[in-house]
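Read the figures in this text as sums done on the coordinates, not as results from a lab. Remember, it's a predicted structure, so these values are computed and weren't measured experimentally. Positions of Cβ are generated from backbone atoms using ideal geometry, with glycine treated the same way; all protein chains shown enter the neighbour counts.
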Amino acid sequence: MMQSKVAVMTFGDPREHEWNSFIKNYAIPRHKQAVEYLKSRSIDVIYNEELPRSNAEIDLQIEEMKKKNPEVFIAHVSTWAWPSMVVRAVQTMNLPTILLGNDHPGTASLVGFFGSGGALNQIGYPHLRVCSEFSDEDDNDMDKQILPYVRSASAVSRLKGGVMGFFGGRSLGIDTGSFDSMQWRSQFGIDADHIDQLEIIRQSELIDENRTVKMREWLLGNVKSVKYNEKLTSEKLDFQIRCYLATKDIIEERGLDFVAIKCMPDLSNHYVPQCLSAAFLPSPFDAEGPKNPVSMACEADADGALSMEILKHVSGGNPPMFGDVSAIDKENSMFYIPNCGAICSWYATRKDSAEDNLKEIELRPANRPAGGAIPFMPVAPGEITLARLYRKSGKYHMAIIPGQVVKPNDEIYENYKKARGEHVLPTAFVKLSIDFERFIGEFGSNHISGVAGIWTEELELVCEMLDITPVKF
């Protein structure tokens, strides 16, 4: 899990008499309580032991805090505090902000809390207000308010300055995969590096043979089976491995945070499909060891890749997945979500052990002209949040859908295989409780992204912070 980085400042009072006779007796222990509370929630807390009591001390502490790159600011009004000092700190820090106070009758916290909150409203500075005690009784309520906001604000902070690698261009005429790079710059703070996908092929020829052998042996030694035939040969598998390793190298060389790769039809018809990249880039492992998941969308779907990246960050770094809304089973309240050749391999078992996941994966021949392998696997049951950015008249919306991946019964799965014929792909069967007709009438893409766990509240907050219209199904 990636820890959110939260800066906490608890405010003192510049008046010597009030500080020494009253305020410090409440403020100092409550500052320690705030820090310990956040640390106990696996948050990276940035703070100063001393409480600032002047504008100069506020400026100095914030200058030091900023060196540690905080993502969220908690302005802690534990007792009476001068609202002008709180506003100064909030504006200088310039981060998503939580205004934290308490309703203890002896602290006068609410006076400073409402004075500061009112001043922030007057200057139009958005913030979350939380008023609660540090106690076993109140901590659960604080968790419900603070933790989703922290996760959401961290996600937004991590998006800013990010770079998407956009390999190729529009795939198979899928207009919803296109994007406006300047809109991304303005709205999300994300740059896009446009890269010819033949750069993957060029760099694949430069991959050290030892790396290829290592990954081949890792795959063959751990996967459930390999179904070699005239389309899936050892040469084709090695080519796919080199393409995957080349893509990893390009991501590192260019400082890319997430990627969208065209693949079809150019690479899938004439070289090899990029299914190993779809399986292993978003996973936390490969033959070279543990790694950070890199969101990757197929068919050059930029908004799909960004949806994955948001899901990854709000979940604290869980591997994201990507697929097609291929079938809606209203009778069983299910979506069938396959992908064109691969789904993030972590979802084979949802375990962090590479070996546990690989033993559920079969390398099957790709149903594409160029051949190669499809990493076929079941998608393990468990909670999932589906989400998708899409635009209406240029304005971003986000579909937000909580669900449960399930193992379909034999009848459902046999009917599915019969309907698809030989072209059976790794598929997530997601049980939902939604208005399917509303979804059919509203949803704005053929693709959808997902991540393990339920993160609907966090996604709504991300939408609020990024001027996206949330569409809850």
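Subtract the Cα-Cα distance of Leu60 and Ala327 from 0.36 nm times their separation in residues, and report this length gain in nm to one decimal.
Here the answer is 90.4 nm.
Under a straight-distance cross-link criterion of Cα-Cα below 28 Å, which lysines are reachable from Lys66, leaving out those fewer than 8 residues away in the same chain?
Hits, sequence-local ones excluded: Lys5, Lys24, Lys32, Lys39, Lys144, Lys160, Lys291, Lys312.
Quick one: angle between helix 410-420 and the longest Cα principal axis of the chain, in degrees between 0 and 90, rounded to 10, please.
Roughly 60 degrees between the two axes.
Dividing the alpha-carbon Rg of the range 5-159 by 2.2 N^0.38 Å yields what? It would help to have the intermediate numbers written out before the result.
Details: Rg = 14.2 Å, N = 155, 2.2 N^0.38 = 15.0 Å.
Working it through for the range 5-159, the quotient is 0.95.
Specify the longest stretch of the chain that does not include any exposed loop site, a site being one of the GluC sites (Glu not before Pro) with a non-H, G, I, E, B DSSP assignment and at most 11 other Cβ atoms within 10 Å. Walk me through the intermediate numbers first.
Details: sites that count: Glu49, Glu205, Glu230, Glu331, Glu422.
Formally, the longest exposed-site-free interval is 50-204.
Just to confirm the filter: which chymotrypsin sites (Phe, Trp or Tyr not before Pro) across the range 293-344 are DSSP coil and have at most 15 other Cβ within 10 angstrom of their Cβ? Spell out each step's value before the answer.
Details: sites: Phe322, Phe335, Tyr336; in loops: none.
Those that pass, being in a loop and sparsely packed, number zero.
Given the options Leu389, Pro408, Gly168, identify the residue whose Cα lies farthest towards the positive end of the charge dipole of the chain (+1 on Cβ of Lys, Arg; -1 on Cβ of Asp, Glu).
Projecting each Cα onto the dipole axis, the largest value belongs to Gly168.
For the pair Ser42 and His194, how long in nm is the line joining their label points, each one 7 Å along Cα→Cβ?
Each label point lies 7 Å from its Cα, and together they span 4.1 nm.
Quick one: if the Förster radius is 56 Å, what FRET efficiency do Arg202 and Val406 give, using the C-beta to C-beta distance and rounding to 0.05? Numbers along the way, then the final one.
Numbers: r = 43 Å, r/R0 = 0.76.
The computed FRET efficiency comes out at 0.85.
Relative to the present Cα-Cα distance, how much length would full extension add between Ser84 and Lys160 at 0.36 nm per residue of separation? Can you show the working numbers first?
Numbers: separation 76, 0.36 × 76 = 27.36 nm, distance 2.86 nm.
Difference between extended and current length: 24.5 nm.
Looking at [x] 27.0, 109; [y] 25.1, 87; [z] 27.7, 90, which value of Rg and Dmax of the Cα atoms in Å comes from a calculation on the structure shown?
Recomputing Rg and Dmax of the Cα atoms in Å here gives the entry labelled [y].
Set the Förster radius R0 to 25 Å, insert the Cβ-Cβ distance between Gln122 and Arg185 as r into 1/(1 + (r/R0)^6), and round the FRET efficiency to 0.05. Can you show the working numbers first?
Details: r = 30 Å, r/R0 = 1.20.
Given R0 = 25 Å and the Cβ-Cβ separation, E is 0.25.
Per-residue ellipticity at 222 nm for the chain, helices alone: DSSP H runs ≥ 4 residues times -39500 (n - 2.57), over residue total, nearest 500 deg cm²/dmol?
-12000 deg cm²/dmol
Find how much the distance from Thr233 to Phe134 grows on full extension, using 0.36 nm per residue of separation minus their present alpha carbon separation; answer in nm with one decimal.
Numbers: separation 99, 0.36 × 99 = 35.64 nm, distance 6.21 nm.
Result: 29.4 nm gained on full extension.
Determine which residues of the range 173-196 fall in the zone a paramagnetic label at Glu253 would reach in this model, i.e. backbone nitrogen under 20 Å from the point 7 Å along Cα→Cβ.
Of the residues in the range 173-196, 192-196 have backbone N under 20 Å from the label point off Glu253.
Ser178: net charge of surrounding residues, Cβ under 10 Å, Lys/Arg +1, Asp/Glu -1, itself excluded?
On the way: positive: Arg170, Arg391; negative: Asp175, Asp180, Asp301, Asp303.
That sum, taken over residues with Cβ under 10 Å, equals -2.
Return one number: the angle in degrees, 0 to 90 and rounded to the nearest 10, between the long axis of the Cα atoms of helix 55-66 and the longest principal axis of the Cα atoms of the chain.
20 degrees
Set the Förster distance to 51 Å, then compute FRET efficiency between Lys395 and Ser353 from the Cβ-Cβ distance, nearest 0.05. Can you show the working numbers first?
Values: r = 43 Å, r/R0 = 0.84.
Given R0 = 51 Å and the Cβ-Cβ separation, E is 0.75.
Find the relative contact order for the chain and round it to a whole percent, using C-alpha pairs within less than 8 Å whose residues are 6+ positions apart.
Values: 989 pairs, mean separation 62.6, N = 473.
13 percent.
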